[in-house]
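Rule-based calculations on the coordinates, nothing more; no lab input. Remember, predicted model here, so these are calculated numbers, not experimental data. Cβ coordinates were reconstructed from backbone atoms using ideal geometry, including for glycine residues, and neighbour counts include every protein chain displayed.
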């Protein structure tokens, strides 16, 4: 399964890229608006993995080229850009039977902490679905994973991630894919209509890290 | 510390009552709009505890009488009634230096699952603060605990609960109180402004229980 990680030069993108590279055999392409930056970061991730004895090719490409060949496109893009990115991919005619996976969360900070601020449609995942061509499948996943913890391969994750998608087969595909990451257990949270409650865990875990001295890069387990 | 559990005849109220009775020595009063019902349920909880060899007095009273003598008043009341209940207590002149603790969450269900629907002020905890007299302290806690799991004393909880309050000393009081429950770890999520992200975990854990066959009465641990 070919995986493209758009925004793969950012911190969540890096974490997902190195984890998928280290824990799976799926071909991985880093996407960026800036092709040269994507190539440079992909090579940097390869070097990080090589230092750990993991010999892995990671490709870098402009977003549209990365998405064109992929089976799964992870949109590791800030929430206020992700809609435009999806429309740009649609306009470039590179979206057809991919699964788009949205990990982004709308948040706003103030003196008290971070607050969940979804787009008016209800959630970023639903925004992606609304702006993608009708035939393209959309899921939400990987929202509540701290970027630093994800990127640090010396850290056991031992965390859950929640998957939402309207199509059950798509949900199953993303659940299986996420479960391939070591230390990650993927759970279903149902259709996209349930995405807001999943996304809003992200500001919560950041607030918990802020207000409890012994907790850092907080994640969640359900049981 | 005298604890009143208003709405203590309901399912979350029952769970909190029997856990506080079993795990602490604080005097406990069950409050209800219907005094006779409160007395009857308090006696039923006593019997349940006696069957386990726990000799414990639990009082029953009308809400206002229960709250009048309490140090901590837990509002285990449906979210659409809790504001009126707080105003009724204020009108009855029984609120002064108590800490009000709000575990209620506004939710609405449809075919997809449960969705977080806070009051327009932002959260039930903030609604309670807005409708309580100014000198009364308000905290949010015990939102994300499944009632059946809480009420079943044979079940190890091994769960977190999140506490929000604007006054740090009040937050500390409620954290300490919640930590007295066996198998509960209380974490701070900061001021009341952060309550919405705490409350919205409740519909999420119910959705997770619905969409994952091997999970029931789901709760959460942060780490």
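With both residues required to sit in the protein assembly as shown, DSSP beta bridges show an antiparallel share near 20%.
Dividing the mean sequence gap of close Cα pairs (under 8 Å, 6+ apart) by how many residues region A:120-223 holds gives a relative contact order of 31 percent. A label point on residue B:78, set 7 Å along the Cα-to-Cβ line, lies at 4.4 nm from each of its counterparts in the other copies, closest listed first.
Fewest to most neighbouring Cβ within 10 Å: what's the order for A:19, A:48?
Working: A:19 22, A:48 19.
By the 10 Å Cβ count, ascending: A:48, A:19.
Using only DSSP helix segments of four residues or longer, with each worth -39500 (n - 2.57), what per-residue ellipticity at 222 nm results for chain A after dividing by its residue count and rounding to 500? Walk me through the intermediate numbers first.
Details: 9 runs with 90 residues, N = 223.
For chain A, the value works out to -12000 deg cm²/dmol.
For residue B:148, the distances from its label point to the matching points in the remaining copies are 4.0 nm, ordered from shortest, with each point set 7 Å beyond Cα toward Cβ. Only bridges whose two residues both fall in chain A count here: according to DSSP, what percent of them are antiparallel, nearest 5? Once the DSSP bridges in chain A are tallied, antiparallel ones form about 15 percent.
Look at the Cα gyration tensor of region B:109-173: its axes a ≥ b ≥ c give a/c of at least 1.5 with a/b at or below b/c, and that counts as oblate. Across peptide A:212-222, the mean count of Cβ atoms from other chains lying within 10 Å of each residue's own Cβ comes to 4.
The mean number of Cβ atoms from other chains found within 10 Å of a Cβ in peptide B:112-120 is 3, as a whole number.
With both bridge residues required to lie in region A:87-202, what share of the DSSP beta bridges run antiparallel, to the nearest 5%?
Details: 5 of 15 bridges.
Roughly 35 percent of the DSSP beta bridges within region A:87-202 come out antiparallel.
Classify the protein assembly as shown as rounded, prolate or oblate, taking a ≥ b ≥ c as the square roots of the eigenvalues of its Cα gyration tensor: rounded when a/c is under 1.5, otherwise prolate if a/b is larger than b/c and oblate if not. It would help to have the intermediate numbers written out before the result.
Numbers: a/c = 2.45, a/b = 2.22, b/c = 1.11.
Prolate is the answer for the protein assembly as shown, as a/c is 1.5 or above and a/b outweighs b/c.
Is region B:3-211 best put as rounded, prolate or oblate by its Cα gyration tensor, with a ≥ b ≥ c the root eigenvalues, rounded for a/c under 1.5, and otherwise prolate when a/b is larger than b/c, oblate when not? Here region B:3-211 falls in the rounded category.
Choose one answer from A:148, A:166, A:112: the residue with the largest mean-square fluctuation in a GNM of chain A with alpha-carbon springs under 10 Å. Highest fluctuation of the listed residues: A:112.
For the options A:50, A:104, A:62, a Gaussian network treatment of chain A with springs between C-alpha atoms closer than 10 Å singles out A:50 as fluctuating the most.
Working from Cα pairs under 8 Å separated by at least six residues, relative contact order for chain A is 18 percent.
Take residue A:11, push a point 7 Å out from Cα through the beta-carbon direction, and compare it with the same point in every other copy: 4.0 nm, smallest first. Going from the fewest other Cβ atoms within 10 Å to the most, the residues B:206, A:28 appear in the order B:206, A:28. With springs connecting C-alpha atoms under 10 Å apart, model chain B as a Gaussian network and identify which of B:132, B:70, B:92 has the largest mean-square fluctuation. Looking only at B:132, B:70, B:92, the largest GNM fluctuation is found for B:92.
Note on residue B:223 and residue A:2: with the Förster distance fixed at 51 Å, the Cβ-Cβ geometry gives a FRET efficiency of about 0.95.
Take each residue in B:159-168, count the other chain C-beta atoms within 10 Å of its C-beta, and the mean is 2.
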